[in-house]
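The values are calculated or read from the model by the stated rules, or taken from the named source; none is laboratory data. Note that this is a predicted model, so its numbers are computed, not measured. These area figures cover heavy atoms from the full protein model, side chains too; ligands, DNA and RNA do not enter into them. Shrake-Rupley method; radii C 1.70, N 1.55, O 1.52, S 1.80 Å.
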Amino acid sequence: MAMRSLSESGNSISRFVLVAMVTLTSGCALVADKSMTQEDHQECEALESAVLEKHSVPQAALEPGRSGKAIYCGIVQTNPFLIDLRTHITLYGVVEPSEQDRILATVRDARGPRYKPVRIDFFAKEVWETSERDGRVLASRRGQETLLRSEVIR
């Protein structure tokens with residue numbers, strides 16, 4: 001019986017460590033995204049502008065992206081233990097691989113010498129789930145979206 005309680009104690013510690021690690025790693029991206037510097041904003045602005053000048057991006061589904069288009073940019077932390085920031089661009093509705101290739105080339109050309117690596121995710125379309133009561137939207141969140149492609153430009 002003493003062996004069993006020791007084993008149960010070990011399982012509790014293992015569960016605690018697992019929960020702590022998940023909490024830390026999932027929170028890193030959120031913290032990094034919410035604390036963008038002026039340089040981060042300028043980098044996002046430059047990359048989004050380059051894409052919008054040369055490519056057709058669909059209208060945003062609900063919450064406007066940049067200029068009402070379905071393009072979003074932020075900064076994410078990719079490693080919870082090391083400072084490893086990346087610019088993260090999310091595009092919706094660009095489904096043709098050849099057009100995705102052209103957008104990747106545009107972003108590659110638009111990157112400045114001191115820019116962070118850029119992760120670009122292409123999704124089929126924006127999916128929003130809303131909670132309504134009496135015809136009023138109480139809350140909305142992203143639903144199940146289909147990732148078509150994800151690339152990192154260094």
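Computed from backbone phi, the HN-Hα couplings of region 80-88 come to x, 10, 10, 6, 9, 7, 9, 7, 10 Hz, rounded to whole numbers (Karplus: 6.51 cos²θ - 1.76 cosθ + 1.60, θ = phi - 60°; Gly and Pro given as x). Bridging of Lys125 to aspartates and glutamates at a Cα separation below 20 Å is possible for Glu48, Glu63, Glu96, Glu99, Asp101, Glu145, Glu151, once same-chain residues fewer than 8 apart are set aside. Annotation: aspartates and glutamates with alpha-carbon distance below 13 angstrom to Lys116 (same-chain offsets under eight excluded): Glu39, Asp40, Glu43, Asp84. The antiparallel fraction among DSSP beta bridges confined to region 56-154 stands at about 75%. With every protein chain in place and a 1.4 angstrom probe, the accessible-area ranking of Leu138, Leu91, largest first, reads Leu138, Leu91.
Between the amide H of Ile75 and those of His88, distances stay under 5 Å, these residues lying 5 or more places away or on another chain, with hydrogens modeled in the peptide plane. Solvent-accessible surface of protein heavy atoms, probed at 1.4 angstrom with all chains present, puts Arg142, Arg111, Arg154 in the order Arg154, Arg142, Arg111, largest first.
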